[in-house]
Amino acid sequence: MFRRKKKEEETEQPVSPEVTPEAAVAEPAAAEPAAEAAETSPVATSEAAAPAGAPVAPAKGQRTKGGRGNRVQKVGIVSSDKMQKTVVVRVDRQVLHTKYRRYVRRTTRFKAHDELGATIGDRVRIVETRPLSAQKRWRVVEILQKAAK
């Protein structure tokens, strides 16, 4: 079983590496190319090349100032629109049955905030959002296909 180390016990590696005089002299020289690399970074050049006031795209892997990351999106069919500014969206998915090895249809119902005016039978895209009410955590982003009338 794993045993925790006590504070008094020594570790295998020293706490702080000892610096030799040769390494101390070499460290400032090694820091200079890093400073030059920071000046010629692609972010700095894109900011300098962009006109003043223009939005600059963030580098890959960085979030924007008010960024929300990638939110979950689902596509489903509106099954009820009897509430004000709320629709019930039915999202179907197929799952492989563990015992019979056949695909089984599973249905999930989401309540979504609707400002676009979706009606029953419309195919819509919903996106996850903050809780808007006791059961609403989704928002209709776009109507992909209107229902045939």
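A short reminder: the numbers here are calculations on the coordinates, not readings from a lab. The structure presented is a predicted model; accordingly, all values stated were derived computationally and were not measured. Note that we place each Cβ from the backbone using ideal geometry, even for glycine, and neighbour counts take in every protein chain shown.
Taking only segment 109-134 into account, find how many residues are touching an Asp or Glu at 6+ places or on another chain (Cβ under 8 Å) and not small (Gly, Ala, Ser). Spell out how you get there, then give the answer.
Keep residues of segment 109-134 that are touching an Asp or Glu at 6+ places or on another chain (Cβ under 8 Å), which gives 114, 116, 118-120, 124-125.
Filter once more, so that each one left must be not small (Gly, Ala, Ser): 114, 116, 119-120, 124-125.
Summing the residues that are touching an Asp or Glu at 6+ places or on another chain (Cβ under 8 Å) and not small (Gly, Ala, Ser) in segment 109-134 gives 6.
Filtering segment 103-137 to residues that are hydroxyl-bearing (Ser, Thr, Tyr) and assigned to a strand (DSSP E or B) leaves TYR103, THR107, THR108.
Conditions (1) of a type in the set (A, V, I, L, M, F, W, C); (2) within 30 Å of the chain's Cα centre (by Cα); (3) surrounded by 13 or more Cβ atoms within 10 Å (Cβ to Cβ), marked per residue:
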residue: ASP81; (1), (2), (3): no, yes, yes
residue: LYS85; (1), (2), (3): no, yes, yes
residue: LYS99; (1), (2), (3): no, no, no
residue: ARG106; (1), (2), (3): no, yes, no
residue: GLY117; (1), (2), (3): no, yes, no
